[in-house]
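The values are calculated or read from the model by the stated rules, or taken from the named source; none is laboratory data. In this text the structure is predicted, and so the values were computed from the model without any measurement. Virtual Cβ from ideal backbone geometry, glycine too; neighbours counted across all protein chains shown. Surface accessibility is based on the protein's heavy atoms, side chains included, excluding ligands, DNA and RNA. Shrake-Rupley method; radii C 1.70, N 1.55, O 1.52, S 1.80 Å.
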Amino acid sequence: MGSLYSEHITWLHRVSPALKLALMAVLGTLLFLLHSPAIMGACALACLLLWLSLGPATRVARRLIVSVLIAALLIAVFHAFMGNYELAAISSLRLACASTLGVALTVTTHPTHILQLLETLLEPLSKLGFPSQRFALQLALMLRFIEHFFVQWKRLDDAYRLRTGKAGGFRLLAPLSIQMLQTAKRVGDALFARLGQ
């Protein structure tokens with residue numbers, strides 16, 4: 001499966017996965033509690049500095065973040081068209097900031113470390129009969145499939161550009177869906193062969 005994890009080591013790679021996940025959870029929650037355009041602007045500036053500080057490590061996710069920024073711009077245009085300029089600024093900046101935090105975590109944290117962290121966090125629930133390891137695996141697979149989706153989309157788009165000189169756009173949905181279903185089947189078969197369930 002494709003991954004957005006970058007092998008280009010940055011300062012954020014050296015921060016423990018637990019601390020990164022905790023900070024992302026806290027900062028992500030704060031983003032939805034803030035309602036001041038000025039403060040959201042300051043948050044956006046901080047996220048931009050974070051993104052720039054990661055340097056070449058963000059190369060694997062640049063197309064993804066550009067897509068997010070386009071979506072944020074469309075949201076801003078919609079709210080501005082409705083006459084709510086403050087909501088336009090807050091909503092678009094909130095989406096851009098939350099996405100930047102998530103991508104920063106993804107490109108600097110190996111998927112194996114995320115799985116180990118989830119297993120550790122859910123371990124106390126196993127004493128109550130909760131299948132913590134299985135649930136942690138499900139969460140990790142969900143995160144990997146989201147990464148894999150964007151990696152495959154980029155590969156298909158690059159291949160289409162080489163053949164036609166144009167962006168693939170919605171034409172890629174059918175082959176992308178087929179590839180994702182094939183990947184899901186392979187992963188399911190591998191899990192069944194390994195776990196027997």
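Does any residue in the stretch 66-89 that is without any contact (Cβ under 8 Å) to a residue 12 or more places away in the chain come within less than 6 Å, Cβ to Cβ, of a residue that is of a type in the set (Gly, Ala, Ser) six or more places away or on a different chain, and which pairs are these?
Ala80/Ala88
Within the stretch 37-56, take every residue that is more than 22 Å from Ser91 (Cβ to Cβ) and open to solvent by less than 40 Å² (accessible area, probe 1.4 Å) and give me the one that is modelled with the highest pLDDT.
Going through the qualifying residues, I end up with Leu54.
Of all residues in the stretch 5-36 being among the charged types (D, E, K, R) and open to solvent by 80 Å² or more (accessible area, probe 1.4 Å), which is modelled with the lowest pLDDT?
My answer is Glu7.
All but one of (1) touching a Leu at 6+ places or on another chain (Cβ under 8 Å); (2) loosely packed, with under 14 Cβ neighbours inside 10 Å; (3) under 21 Å from Arg62 (Cα atoms) hold for Gly168, so report the exception by its number.
(2)
Spot the failing condition for Gly129; the list is (1) more than 21 Å from Leu54 (Cβ to Cβ); (2) open to solvent by 30 Å² or more (accessible area, probe 1.4 Å); (3) among the small types (Gly, Ala, Ser); (4) in contact (Cβ under 8 Å) with a residue 12 or more places away in the chain, and only one is missed.
Here Gly129 meets the rest and fails (4).
Scan the stretch 101-124 and tell me whether some residue there is among the small types (Gly, Ala, Ser), touching a Cys at 6+ places or on another chain (Cβ under 9 Å) and crowded, with 17+ Cβ neighbours inside 10 Å.
yes
If I filter the stretch 40-62 for residues that are of a type in the set (Lys, Arg) and touching a helix residue (DSSP H, G or I) at 6+ places or on another chain (Cβ under 6 Å), do I get at least one hit?
For the stretch 40-62, residues of a type in the set (Lys, Arg) and touching a helix residue (DSSP H, G or I) at 6+ places or on another chain (Cβ under 6 Å): absent.
Hey, among the residues in the stretch 81-100 that are surrounded by 14 or more Cβ atoms within 10 Å (Cβ to Cβ) and hydroxyl-bearing (Ser, Thr, Tyr), which one's farthest from Trp153 (Cα to Cα)?
Ser91
Read through the list (1) crowded, with 16+ Cβ neighbours inside 10 Å; (2) farther than 17 Å from Val66 by Cα; (3) among the hydrophobic types (A, V, I, L, M, F, W, C), then give the number of the only condition that Phe78 fails.
For Phe78, the exception is condition (1).
Check Phe145 against each of (1) open to solvent by 90 Å² or more (accessible area, probe 1.4 Å); (2) under 16 Å from the mean Cα position of the chain (by Cα); (3) in contact (Cβ under 8 Å) with a residue 40 or more places away in the chain and name the one condition it does not meet.
(1)
Under 7 Å between Cβ atoms, at least 6 apart or on separate chains: pull out the pairs that start in the stretch 158-182 with a residue that is part of a loop (DSSP other than H, G, I, E, B) and end on any residue that is open to solvent by less than 60 Å² (accessible area, probe 1.4 Å).
Filtered contacts from the stretch 158-182: Ala167/Asp157; Gly168/Leu156; Gly168/Asp157; Gly168/Tyr160.
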